[in-house]
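> Before I ask anything, here is the structure I am working with.
The values are calculated or read from the model by the stated rules, or taken from the named source; none is laboratory data. Just so it is clear, the structure is predicted and the values come from calculations on it, not from any experiment. Please note: Cβ atoms are built from the backbone with ideal geometry, for glycine as well, and neighbour counts cover all protein chains shown.
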Amino acid sequence: MMRLMTNAEISAAFTMIGKILELQNENPFRVRAYERAALTIASLPRELSDIYDEGGMKALRAIGGIGPDLGSKIEEMVKTGELKYLKELRKKIPEGLFAVMQIEGMGPKKTKMVWEKLKVKNVADLEKVAKAGKLAKLPKWGELSEKKVLQGIETRKSMGDRVPLTAALPLAELLVEKLKATKLCGQVAIAGSMRRRAETIGDIDILATSTKPAKVMEAFCALGEVKRVLSKGPTKSSVNLHAGMQADLRVVDENVFGAALHYFTGSKGHNVHLRGMGVKAGITISEYGVYKGTAEKKGKLLASKTEEDVYASLKLPYIAPELREDRGEIDAARAGTLPKLIEERDIKGDLHLHTDFSDGGADAVTMAKAAYAKGLEYIAITDHGSGMGMVRGLKENNLAQYLKMIGKARKAVPSLKILAGVEVDIQPDGSLYLPDKILKELDWVVASVHSQFKQSPEETTARLIRAIENPFVHAIGHPTGRLIGQRVGIEFSVEQVFAAAKKRSVAMEINASPPRLDLRDIHCKRAKEMGVMMTMGSDAHAPEELDMRFGVMQARRGWVEKGDVMNTKSWKDFEKWLRAPSPIGRRLG
Ligand code: DGT
Ligand code: CA
Ligand code: CA
Ligand code: ZN
């Protein structure tokens, strides 16, 4: 069958349906079903159209989360290349409202209200009515929410046209797979800021080697993901993708792949610094190779095949792409003090995840089974202990029920060690939502800020330090509270808070949830320099979110090594560490 829709497109269609249903106040479980299916499909190793060709509806239904309803929608898309249901849904909603819904302080309900009451159809409209003071006058709004929305719009603007890495990387990897499948290329690699795993990217850069560059250009521009061809040359093309990003492809000769990959990976700052070093050594570095002499008077070719060769020609060890930001990596390479960066497979436990005891979508047994299937040795179940309008979750009076649920998960998955934990709110004054007598019954306490993001930096610093000084707290969850491109988060003295954490042996979390990535790279680096312990948690609210891939990328950009992250320890060592006496009287129940 001719391929009418790719997995990326089908996944995008389901994401869109989820958003529209959310805007229409539809049943959250239906919304969630579409969101999950979108996630699952985006990471399928095979095209749905192929799966359907071979096994029909039955094969589609065998994919997790695909029931009869979603199955028949996929069937329609692979057979006809469109989905009538989505077309109908789209007609009801102005396109610009999706961006409105993403603004911090707006959610689906509020978006619906401003659309109906103030005729807001896009972010520009929203800004206008907010500046005119019209939001504040809506029922249940007030000036504070209006100010929050205006700040949200500013945050969104500051991101410009940049896209979060977490949204763009799966798509770029799909493009790479498709280019490889043409069999026209020797090597195909992602370059640019995406290869450096920057948290947002301007565009997707792909580098390939081939003896038939013109044919590669043809194939690239004809991909299903391509919406418009911006430029098409013999060795370089730029396209706009349906997903709203730009992608550049360059084809080079196999012999210069290393030099080109190095050049197009950047960063510009890293490359400029290296070229400067080269000049001093009488060497020229370009995308075609490293040469003796100057650009005008090129001498002998020193390196071009691999990136290792490029660095070796400058007497440097290989520098991982995530470090190439000119933040001291070249000096470290010269001194032989480059970090040995953490890897995904180093992570042995997940110390932050939720179940349907609070706001998660799956029960503890399901989450535990999924964590075990992912190869984890241990997890901490950390449902919310939160007063923030959260009815569910851990309260003063339901600890027994919570522990019973965890006990059930332990029985169901005996090979997985399960810590009874909590993610407890840090209240505006730095006290915690749950009393010590509850916290001391738990094995693992993450304390997080979920409210009052706008205190002064002095107040926030004091707030965090007070939480760190609680003797039962093990880690501070998503310490800055930022949401990439949506919320700036809280402001505090990183130096003072990290110093307090170091003193009390409290860990700073690297929250691996895609919208968060918090600590961010530079804060990871500072924490490491200051000798502050770190932990990593997925903050999963569903089994498919038990993933720390993006958290590890962020940590690597922050020079983090295996030993800096506590949950790289095997269960045996982690347990020993948890039981060991410490200034905070850490304990294991
Ligand atoms: P982005 O796309 O804004 O997230 O950032 P990059 O780093 O991917 O930048 P991009 O796409 O403009 O170029 C990819 C790489 O190519 C960049 O990291 C370094 C290299 N490059 C491109 N143009 C220049 C240039 O004018 N000078 C230097 N030194 N390098 C360049
Ligand atoms: Ca780029
Ligand atoms: Ca580019
Ligand atoms: Zn949280």
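> Please verify whether the range 383-390 includes one or more residues that are at pLDDT 95 or above and touching a Lys or Arg at 6+ places or on another chain (Cβ under 7 Å). Break it down stepwise before answering.
Narrowing the range 383-390 to residues at pLDDT 95 or above: 383-385.
Imposing the further condition that a residue be touching a Lys or Arg at 6+ places or on another chain (Cβ under 7 Å) reduces the set to none.
No, there is no match, as no residue in the range 383-390 is at pLDDT 95 or above and touching a Lys or Arg at 6+ places or on another chain (Cβ under 7 Å).
> Shifting gears a bit: If I ask for residues that are closer than 20 Å to A168 by Cβ and of a type outside the set (D, E, K, R), which ones from the range 478-495 would you list?
Residues satisfying the conditions are L483, I484, G485, Q486.
> Sticking with this structure for a sec: Quick check on the range 276-294. Is at least one of its residues within 13 Å of ligand 1 (Cβ to nearest atom), of a type in the set (A, V, I, L, M) and assigned by TED's automatic domain parsing to the domain that holds L184?
no
> Quick check, is L171 free of Cβ contacts under 8 Å to residues at least 60 places away in the same chain, within 16 Å of ligand 3 (Cβ to nearest atom) and either of a type in the set (V, I, T) or surrounded by 15 or more Cβ atoms within 10 Å (Cβ to Cβ) (or both)?
Details: free of Cβ contacts under 8 Å to residues at least 60 places away in the same chain: no; within 16 Å of ligand 3 (Cβ to nearest atom): yes; either of a type in the set (V, I, T) or surrounded by 15 or more Cβ atoms within 10 Å (Cβ to Cβ) (or both): yes.
Against the criterion (free of Cβ contacts under 8 Å to residues at least 60 places away in the same chain, within 16 Å of ligand 3 (Cβ to nearest atom) and either of a type in the set (V, I, T) or surrounded by 15 or more Cβ atoms within 10 Å (Cβ to Cβ) (or both)), L171 does not qualify.
> From A198, A168, which residue is within 10 Å of ligand 1 (Cβ to nearest atom) and part of a helix (DSSP H, G or I)? Quick ask: steps written out before the conclusion?
Values: A198 fails: part of a helix (DSSP H, G or I).
When all the criteria are applied, what remains is A168.
> Also, quick follow-up: Would you check which residues across the range 529-544 are without any contact (Cβ under 8 Å) to a residue 60 or more places away in the chain and on the phi < 0 side of the Ramachandran plot and list them?
First, the residues of the range 529-544 that are without any contact (Cβ under 8 Å) to a residue 60 or more places away in the chain: 529-534.
Scanning the range 529-544 gives E529, M530, V532, M533, M534.
> Give me the strands (runs of 3 or more DSSP E) completely within the range 223-325, filtered to those with at least 1 residues that are away from ligand 3 (no atom under 16 Å from the Cβ) and in contact with a strand residue (DSSP E or B) (Cβ under 6 Å, 6 or more places away or on another chain), ordered by residue number. Full working, then the answer.
Numbers: elements: 226-232, 236-241, 246-252, 283-286, 289-293, 298-303.
Fully inside the range 223-325 and qualifying: 226-232, 283-286, 289-293, 298-303.
> Taking the criterion of being of a type in the set (V, I, T), away from ligand 2 (no atom under 16 Å from the Cβ) and part of a loop (DSSP other than H, G, I, E, B), would at least one residue in the range 139-151 satisfy it? I'd like the intermediate steps shown before the answer.
Quick first cut of the range 139-151, residues of a type in the set (V, I, T) only: 149.
Now narrow it down to the ones that are away from ligand 2 (no atom under 16 Å from the Cβ): 149.
Then keep just the ones that are part of a loop (DSSP other than H, G, I, E, B); that gives none.
There is no residue in the range 139-151 that is of a type in the set (V, I, T), away from ligand 2 (no atom under 16 Å from the Cβ) and part of a loop (DSSP other than H, G, I, E, B).
> Can I ask one more? Give the range 23-38 a look and list any residue that's free of Cβ contacts under 8 Å to residues at least 24 places away in the same chain and buried (at least 19 other Cβ atoms within 10 Å of the Cβ), or say none.
First, pick out the residues of the range 23-38 that are free of Cβ contacts under 8 Å to residues at least 24 places away in the same chain: 26-31, 35.
Within the range 23-38, V31, E35 qualify.
> Which condition from (1) of a type in the set (V, I, T); (2) more than 14 Å from ligand 3 (Cβ to nearest atom); (3) surrounded by 22 or more Cβ atoms within 10 Å (Cβ to Cβ) is the one that I201 breaks?
Against the list (1) of a type in the set (V, I, T); (2) more than 14 Å from ligand 3 (Cβ to nearest atom); (3) surrounded by 22 or more Cβ atoms within 10 Å (Cβ to Cβ), I201 comes up short only on (2).
> Mind checking which pairs have a first residue in the range 494-522 that is in the same structural domain as A447 (by TED's automatic domain parsing) and under 20 Å from I468 (Cβ atoms) and a second that is in a helix (DSSP H, G or I) and among the basic types (K, R), Cβ under 7 Å, 6 or more apart or different chains?
Partner pairs satisfying both residue conditions: V494/R526; F498/R526.
> Which members of the range 212-222 meet the condition of being away from ligand 3 (no atom under 16 Å from the Cβ) and either under 17 Å from A168 (Cα atoms) or in contact (Cβ under 8 Å) with a residue 40 or more places away in the chain (or both)?
If the condition is that a residue be away from ligand 3 (no atom under 16 Å from the Cβ) and either under 17 Å from A168 (Cα atoms) or in contact (Cβ under 8 Å) with a residue 40 or more places away in the chain (or both), then A219 is the only one that fits.
> Given K87, K109, K73, which one is within 30 Å of K134 (Cβ to Cβ) and among the charged types (D, E, K, R)? Break it down stepwise before answering.
On the way: K87 fails: within 30 Å of K134 (Cβ to Cβ); K73 fails: within 30 Å of K134 (Cβ to Cβ).
Criteria check complete, one pass: K109.
> Select, from T182, T209, T235, T200, the only residue that is outside the structural domain of A312 (by TED's automatic domain parsing), in contact with a Cys (Cβ under 7 Å, 6 or more places away or on another chain) and away from ligand 4 (no atom under 16 Å from the Cβ). Don't jump to the end; show me each part of the working.
Values: T182 fails: in contact with a Cys (Cβ under 7 Å, 6 or more places away or on another chain); T235 fails: in contact with a Cys (Cβ under 7 Å, 6 or more places away or on another chain); T200 fails: in contact with a Cys (Cβ under 7 Å, 6 or more places away or on another chain).
Exactly one of T182, T209, T235, T200 is outside the structural domain of A312 (by TED's automatic domain parsing), in contact with a Cys (Cβ under 7 Å, 6 or more places away or on another chain) and away from ligand 4 (no atom under 16 Å from the Cβ), namely T209.
> Could you look through the range 541-572, keep only residues that are modelled with pLDDT under 95 and assigned to a helix (DSSP H, G or I), and pick out the one that is nearest to A362 (Cα to Cα)?
My answer is P543.
> Let me ask something additional. Within the range 482-508, count every residue that is under 10 Å from M533 (Cβ atoms) and out of contact with any helix residue (DSSP H, G or I) (no Cβ under 7 Å at 6 or more places or on another chain).
1
> So, in the range 396-442, how many residues would count as being assigned to a loop (DSSP other than H, G, I, E, B), within 19 Å of A501 (Cα to Cα) and touching a Leu at 6+ places or on another chain (Cβ under 8 Å)?
Within the range 396-442, residues that are assigned to a loop (DSSP other than H, G, I, E, B), within 19 Å of A501 (Cα to Cα) and touching a Leu at 6+ places or on another chain (Cβ under 8 Å) number 1.
> Related question: Between residues in the range 261-273 that are more than 9 Å from ligand 1 (Cβ to nearest atom) and residues that are modelled with pLDDT of 95 or more, which pairs lie under 7 Å by C-beta distance while being six or more apart or on different chains?
These pairs meet every condition: L261/A189; L261/A191; L261/L207; L261/E307; H262/E307; H262/V310; H273/D326; H273/I330.
> Quickly run through the range 39-63 and pick out the residues that are touching a residue at least 24 places away in the same chain (Cβ under 8 Å) and in a helix (DSSP H, G or I).
Selection gives L39, T40, I41, A42, L48, S49, Y52, D53.
> From the list E218, E173, which residue is under 25 Å from the mean Cα position of the chain (by Cα), more than 10 Å from ligand 1 (Cβ to nearest atom) and closer than 26 Å to M5 by Cα? Steps first, please.
Details: E218 fails: under 25 Å from the mean Cα position of the chain (by Cα).
Answer to the check: E173.
> For the range 490-497, state whether one or more residues are touching a strand residue (DSSP E or B) at 6+ places or on another chain (Cβ under 7 Å) and either buried (at least 20 other Cβ atoms within 10 Å of the Cβ) or closer than 19 Å to G349 by Cβ (or both).
Narrowing the range 490-497 to residues touching a strand residue (DSSP E or B) at 6+ places or on another chain (Cβ under 7 Å): none.
No, there is no match, as no residue in the range 490-497 is touching a strand residue (DSSP E or B) at 6+ places or on another chain (Cβ under 7 Å) and either buried (at least 20 other Cβ atoms within 10 Å of the Cβ) or closer than 19 Å to G349 by Cβ (or both).
> Condition first: within 30 Å of the chain's Cα centre (by Cα), within 27 Å of F492 (Cβ to Cβ) and among the β-branched types (V, I, T). Now tell me which residues in the range 413-446 satisfy that.
V422, V424, I426, V445, V446, listed by residue number.
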